[in-house]
1. For Ser119, which of the numbered conditions (1) of a type in the set (Gly, Ala, Ser); (2) under 14 Å from Val46 (Cβ atoms); (3) open to solvent by 20 Å² or more (accessible area, probe 1.4 Å); (4) in a helix (DSSP H, G or I) fails to hold?
2. Could you give every pair whose Cβ atoms fall below 8 Å, whose first residue belongs to the stretch 1-15 and is in contact (Cβ under 8 Å) with a residue 40 or more places away in the chain and crowded, with 18+ Cβ neighbours inside 10 Å, and whose second residue is among the charged types (D, E, K, R) and in a loop (DSSP other than H, G, I, E, B), counting only separations of at least 6 or pairs across chains?
3. From (1) surrounded by fewer than 24 Cβ atoms within 10 Å (Cβ to Cβ); (2) among the small types (Gly, Ala, Ser); (3) closer than 16 Å to Phe237 by Cβ; (4) in contact with a Gly (Cβ under 7 Å, 6 or more places away or on another chain), pick out the condition that doesn't hold for Ala75.
4. Of the residues that sit in the stretch 105-150 and are more than 25 Å from Thr218 (Cα to Cα) and of a type in the set (Ser, Thr, Tyr), which one is farthest from the chain's Cα centre (by Cα)?
5. Filter the stretch 289-299 for residues that are surrounded by fewer than 20 Cβ atoms within 10 Å (Cβ to Cβ) and not hydrophobic (A, V, I, L, M, F, W, C); which is nearest to Val265 (Cα to Cα)?
6. Identify, from the list Glu175, Glu191, the residue that is out of contact with any His (no Cβ under 7 Å at 6 or more places or on another chain), within 21 Å of Gln12 (Cβ to Cβ) and not hydrophobic (A, V, I, L, M, F, W, C).
7. In contact with a helix residue (DSSP H, G or I) (Cβ under 7 Å, 6 or more places away or on another chain) and either surrounded by fewer than 16 Cβ atoms within 10 Å (Cβ to Cβ) or of a type outside the set (D, E, K, R) (or both): which single residue out of Leu317, Leu264, Leu251 fits that description?
8. Among the numbered criteria (1) surrounded by 23 or more Cβ atoms within 10 Å (Cβ to Cβ); (2) touching a Phe, Trp or Tyr at 6+ places or on another chain (Cβ under 9 Å); (3) under 19 Å from Pro170 (Cβ atoms), which one does Val43 miss?
Amino acid sequence: MSPWHTLLNNYQMTLAEDGNEVICKGEQSTHSTRIVPLVHHEVISVVGEDAEKFLQGQLTCDLQDVSQMGSRLGAHCAIKGSMIALYRLMKTDGGFLLRLHRGTAAGALQSLQKYIVFSKAEAKNVSQEMVGLGLIGPGATALVEKLTETAPSETDRLVRSGDVHIIRVPQERYELWMPVDKAPEVIAQLERIAPMGSTREWLLSEIEAGIPDLRPATQETFIPQMANLQAFKGVSFTKGCYTGQEIVTRLQHRGKLNKCMYHLVGECETLPQAGDYLDSTDKERVGQVLYTASADNGQIHMLAIMNKSAEESSLKLAEQNTPLSHAELPYTLDPELFEKKR
């Protein structure tokens, strides 16, 4: 059972039956800054003498960069380059914390443990010991400054306030990760300024920031560049070998990227699920949904990976026959990725 089952007892919030969503009950505050329990994530710790060396040989990001900044996105790939897990890494005492969607955690841990046996390091799920909060809205930095003298000054920068890890993530938002017994104290401090928010609000902010994530239905389906991971420095092309590196690097320097991630919007009858297919006017199954969230106006926002060739076509959800339109991402991709190198 998630620690949130107990932690949320004192708040006007409901934890969904599958544990992946927290829903606010009663009348909602009009306050635009929110404190969101990150119930849909779990955390794996990799600690020990060889923790950095081990992860450097497994993940797509540069662990030296992670150690310097404090945090980065990074993927663990299968040998053929498809993503098994997509993490936000955090530097911690003696190693690293790897947060990911809870539905993918068991398989991700199993993959890490398969490779770690010859290293002086240990990988384990610490989700019964640690929980996270997301801070969104114009007052997010002010919330952080209630916990620490100086908020992280740039994206992916991590600061510590005692045993609370505070990371600035894209779009001037923050993730806070802390021991379970520290959470009530931190929430009490922050709630004096802003109300609690729902998982839906956090996911919508992630989609608007164009941040990819995996669900069980999309594990081992896409390579990192298809999820725009390089836009977040989540893929290093200079650090050397890691699992799946040959495929990832070959595409970058010799190949042509035929798929990438888009932000799409539609008025759907029901919330699309990860793995649902997209059709274009002239071709079926041109893409797949990564994850979705509903906006206050009833529109459904989603991140989806689809064929670059279908970018200008009329799109729809295959199962619902629902038209979709493009929304802008807050970053641009290198156009050379979509050109044949040789």
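1. (4)
2. Met13/Lys25
3. (1)
4. Out of the qualifying residues, it is Ser119.
5. Gln299
6. Going through Glu175, Glu191 in turn, just one is out of contact with any His (no Cβ under 7 Å at 6 or more places or on another chain), within 21 Å of Gln12 (Cβ to Cβ) and not hydrophobic (A, V, I, L, M, F, W, C): Glu191.
7. Within the list Leu317, Leu264, Leu251, the selection yields Leu251.
8. Among (1) surrounded by 23 or more Cβ atoms within 10 Å (Cβ to Cβ); (2) touching a Phe, Trp or Tyr at 6+ places or on another chain (Cβ under 9 Å); (3) under 19 Å from Pro170 (Cβ atoms), Val43 violates only (3).
The values are calculated or read from the model by the stated rules, or taken from the named source; none is laboratory data. These numbers were taken from a predicted model, which means no experiment stands behind them. Because the Cβ atoms are built from the backbone with ideal geometry, glycine has one as well, and the counts that use them run over all protein chains shown. These area figures cover heavy atoms from the full protein model, side chains too; ligands, DNA and RNA do not enter into them. Shrake-Rupley method; radii C 1.70, N 1.55, O 1.52, S 1.80 Å.
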